[in-house]
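These notes are about the structure you will find just below.
Read the figures in this text as sums done on the coordinates, not as results from a lab. Keep in mind it's a predicted model, so treat the numbers as computed, not measured. Cβ placement follows ideal geometry from the backbone for every residue including glycine, while neighbour counts extend to all protein chains displayed.
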Amino acid sequence: MRSSRKVTGLPSRYSKVILARLEKKGVYVTLQIIRNVVSGRTSNLDVEIEVLQLKKERLEARDKILQLSFEIRELNDCVTKKEKEKPT
């Protein structure tokens, strides 16, 4: 059994996501082609567009998570301040 090399800049599980998206569009490529495009060995415009779209979605999701965690931290700070202000 061959071991697959890790693609830089893209987790391996996202290769299958890109493959599924391209198949929905009617573009049929292999996982190896996707890996080669991501690593820069070959070029395929459809694959490159999907890779960039997926990276954009990941960055947006990360920003949303950071924003929500900041809001949660602020709410927790407010709750702890209120608890300290309450007379016991």
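A few points about this structure:
- Distance between modelled label sites at S43 and Q67, nm, 7 Å Cα→Cβ extension: 3.5 nm
- Think of the chain as having a plus end and a minus end, set by charges on the Cβ of Lys, Arg, Asp and Glu; of A61, V38, V51, V38 sits farthest toward the positive end of this dipole.
- Percent breakdown of C-alpha pair distances by 5 Å bin, ordered from the shortest bin, for the chain: 2, 12, 18, 16, 10, 8, 7, 6, 6, 5, 4, 3, 2, 1
- Full extension of the segment from A20 to R58, taken as 0.36 nm per residue of separation minus the current Cα-Cα distance, would add 12.0 nm.
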